[in-house]
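Note sheet for the following structure.
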Amino acid sequence: MLVDRQMIAQTVRDLRVVLPEADDLLAGLYRVAEATRRILEVDGAGLTLVQEDGPPRWVAATDAAMELLAQVQHDFGEGPYLQAYTQNRAIVVEDLGAAAAWTRIAAVVGQLNVRGMLSVPIRLQGQPVGTLDVYSSQPRAWNGHELAAVTEFATVAGELVTTRMQLATLELEVTQLRQALASRVWIEQAKGVLAATQGIDPEVAFQQLRARARSSSRKLAVVAQEVVQDAQRRRLAAQAVEDVRVREAEVRALAAGQALRDGQADLAQRRGVLDQSQVAADERDRIADARNHAADERDSVADERDRAADDRDHIADERDRVADEQDRTAGHRD
């Protein structure tokens, strides 16, 4: 395959641009693997790096077949990438299925159509720390241009690892500085605590801290932290007692408020009952008044009837008197 040297050079430049910002090593290594796969037009690419407990293991891969290929080699303890690492040289495999040295690996990954392989060591100061590996699903006669291209990408990967190691060193230094500052903060706080609680000068408090640290064979910052934390615990304990008192007062207030609300509710209920009783009494009085009025009406009607009857009797009596008077008058004429 004819490799585009200009494209390789541009891709390498682009990868190196991000090296100073490579705070995520795995992401950076994956970008290198993906660029290698794309430029060489292979089916997969991956990187391995040495581990604290043994030989290199894969850390970035463009596909699952590459992951399995690297894992099988690691499990078997043999394979092109391990050979490239241990011998610190490129290992070229034109056809894995026809390579007698790797029959066990070929048997496992044969179903994935892994045929052509190329592994190049990643170096730090000339010593291998891992490999950059590519594979093809077809047998492939790797040429010098392809080998050179993979070697350039392996160099970028090595630079990326170096950059990350430098960043890690800086991070360690920053961490140590922060620890020193934190120790100083504990000491200053402890001096303040002793000065405030014992009414002594800060320098006298510092000498007390030093004496306590020497007598207990501990670091000054550890003793200072202990003093501050003990003071904090005492303050928190006092605060807890005060909080309990406040909560108890709040509970009593809530209970009193509830009792007041219950009393108000009971009073309202009693008022409601009284109002209902008053309404019922008023209704009964109204009914009684109505009955009395009806009785008065009946009595009035009866009196009226009696008066009418008396009038009739009076009229009858008057007629009888007139009649008698007429009869007497008539008798006299006779």
- Query: Of the heavy-atom accessible surface of the chain (probe 1.4 angstrom), what whole percent is carbon and sulfur?
  - Reply: 53 percent
- Message: Give me the extension gain from ASP230 to SER277: residue separation times 0.36 nm, minus the current Cα-Cα distance, reported in nm with one decimal.
- Response: 10.0 nm
- Considering the options LEU160, ALA27, ALA302, tell which one lies farthest towards the positive end of the dipole of the chain, charges being +1 on Lys and Arg and -1 on Asp and Glu at the Cβ, about the Cα centre. LEU160
- Item | Burial ranking of peptide ranges 224-232, 195-203 (average Cβ count within 10 Å, highest at the top) | 224-232, 195-203
- Query: Between ALA98 and ILE315, what length in nm is gained on full extension when 0.36 nm per residue of separation is reduced by their alpha carbon distance?
  - Reply: 62.3 nm
- Accessible area expressed per residue, the chain, with surrounding protein chains retained (probe 1.4 Å, Å²): 63 Å²
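Pulled fully out, how much extra length does the chain show between ARG89 and ARG214, if you take 0.36 nm times their separation in residues and subtract their Cα-Cα distance? It would help to have the intermediate numbers written out before the result.
Details: separation 125, 0.36 × 125 = 45.00 nm, distance 5.69 nm.
Gain in length upon complete extension: 39.3 nm.
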- If you look at just the Cα atoms of the chain, how large are its Rg and its Dmax in Å? 56.4, 188
- Taking the Cα centre of the chain as the origin, how large is its charge dipole in debye, to the nearest 20, when only Lys and Arg (+1) and Asp and Glu (-1) carry charge on their Cβ atoms? 3820 debye
- Message: What Kirkwood Rh does the range 39-174 have if only Cα atoms enter the pairwise 1/r average? Answer in Å.
- Response: 15.1 Å
- Query: How far apart, in nm, are two points set 7 Å out from the Cα along the Cα-to-Cβ line at MET7 and at ARG298?
  - Reply: 12.3 nm
- Task: Sum -39500 (n - 2.57) across every DSSP H segment of at least 4 residues in the chain, then divide by the residue count to get the 222 nm mean residue ellipticity, nearest 500.
- Result: -26000 deg cm²/dmol
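The values are calculated or read from the model by the stated rules, or taken from the named source; none is laboratory data. Treat the numbers as computed from the prediction; the structure is a model and nothing was measured. So basically every Cβ, Gly included, is an ideal-geometry build from the backbone, and we count neighbours across all protein chains shown. These accessible areas exclude ligands, DNA and RNA; they are computed on the full protein's heavy atoms, side chains included. Shrake-Rupley method; radii C 1.70, N 1.55, O 1.52, S 1.80 Å.
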